[in-house]
Amino acid sequence: MSIGNSPEDERPFEDVEGVSEEVRPSIGRALQQARIAAGLTVDDVSTATRVRITIVHAIEADDFAPCGGDVYARGHIRTLAKHVHLDPDPLLEQYDAERGGRPAPTPAAPLFEAERIRPERRGPNWTAAMVAAIVAVIGFAGFTLFKGDSEAGSKASVAEGTKPSAGGSASSSADAPKPTDSKPDPTESAIAAAPRDKVTVQVSAVDGRSWISAKDHNGRLLFDGLLKQGQSKTFQDSSQINLVLGDAGAIQLYVNGKKIEDDFQPGAVERLTYTKGDPQVG
C-alpha cells in the first residue's frame with residue numbers, strides 16, 4: 001500500500017451509484033476528506049498524532065480492527081478528528097451507534113502508538129517510618145535506663161557523706177539523649193526516601209484495569225502488560241521513565257514521592273515521560 005507524501009496524490013472515495021448525497025459519510029471517509037481539505041498527508045497526521053501510519057490508513061478505510069479494541073479505536077478517532085479540525089463527538093456517536101452503543105472501557109492488545117509527554121507515584125515508605133519509630137523507642141529506653149543508674153549513684157554518694165557534683169549532674173543531663181514525643185509523618189518519610197539521583201514512578205490501577213507499558217531512558221522495556229484494579233507497579237531509572245497508559249482514567253501516578261494531579265479521561269490513551277526533576281508545574 002502506498003503511504004503517499006502529497007495530499008494531491010490522494011483522492012476521496014468515489015460516490016457509489018444510487019446512494020443519496022445526503023447520506024452521512026462513513027467515519028473513515030469523513031476523516032480522510034477533512035485531512036485532504038487541510039492539505040495534510042497520512043505521514044503528516046501520523047507524525048503529529050503519534051498514531052501509526054498503518055492504523056491511520058485502516059481507520060480511513062473504516063477498518064478499526066488494527067486499533068486493538070473499541071476503547072482504543074475511539075481514542076484514535078478523537079485524536080485524528082481534532083488534528084484535521086473536525087468535531088470528534090458526532091464521529092464517536094456514529095461509531096457507537098454502528099456497534100450497538102458505547103462499550104464499557106476494556107483492556108485490549110497494545111497495538112497502537114499515541115500521544116503526549118507528561119509527568120507517578122510513590123506510596124508512603126512504611127519501612128522508613130517503622131525504623132524511625134524503633135530508633136526513637138530505643139533512644140527513650142536508653143535515656144530512662146541511664147537516668148535510673150544516675151539517680152541510684154547519686155543516692156549512694158549522699159548516703160556515704162559525699163555530695164554529688166553539680167557540674168557532673170549538669171553534664172550528664174546535657175549528654176543524655178532526650179525523648180521525643182513526635183513520630184515521623186509517613187508521607188514526609190516517603191518523599192524524603194525517594195532517591196534524588198533517580199526518577200521513581202509508581203503506577204496504580206485505582207479505578208479499573210489498564211494496559212501499561214514502561215521503558216527506561218535507553219528504551220529498554222521494563223513492563224508491558226495488563227494492570228488489574230488494585231495492582232501497582234513501581235519503576236526506577238537513573239534519568240527517565242517513559243510510560244504508555246491504555247486507559248489513563250483508571251490510573252493514579254506518583255512521581256518522585258509526589259502525587260500527580262491530572263484530569264485523565266476514562267478510555268484516554270496517554271504517553272508520558274518523567275525525569276528526576278518532575279513533577280514540574282505546567
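Say each of VAL137 and ARG24 gets a label point 7 Å from the Cα, pointing the same way as Cα to Cβ; how far apart are those two points in nm?
Label-label distance for VAL137 and ARG24, simple model: 6.7 nm.
If we sort 262-268, 71-77, 139-145 on the protection proxy, mean other Cβ atoms within 10 Å, highest first, what's the order?
Details: 262-268: 16.1, 71-77: 24.4, 139-145: 12.7.
Ranked by mean Cβ neighbours within 10 Å, highest first: 71-77, 262-268, 139-145.
Going by average Cβ neighbours within 10 Å, how do the peptides 214-221, 271-278, 243-250, 37-44 rank, with the highest at the top? Could you put the intermediate results ahead of the total?
Values: 214-221: 13.5, 271-278: 18.4, 243-250: 24.4, 37-44: 15.9.
Descending packing order for the listed peptides: 243-250, 271-278, 37-44, 214-221.
Below 8 Å, C-alpha to C-alpha, sequence gap of six or more: please give me the relative contact order for the stretch 227-282 in percent.
Reported as a whole number, the value is 40 percent.
With every protein chain left in place, what is the accessible area per residue of the stretch 194-253 in square angstrom, probe 1.4 Å?
Details: 2710 Å² over 60 residues.
Averaged over the residues of the stretch 194-253, the accessible area is 45 Å².
The values are calculated or read from the model by the stated rules, or taken from the named source; none is laboratory data. What you see is a predicted model; the values in this text were computed from it and never measured. Please note: Cβ atoms are built from the backbone with ideal geometry, for glycine as well, and neighbour counts cover all protein chains shown. Heavy atoms of the whole protein, side chains included, go into the accessibility calculation; ligands, DNA and RNA do not. Shrake-Rupley method; radii C 1.70, N 1.55, O 1.52, S 1.80 Å.
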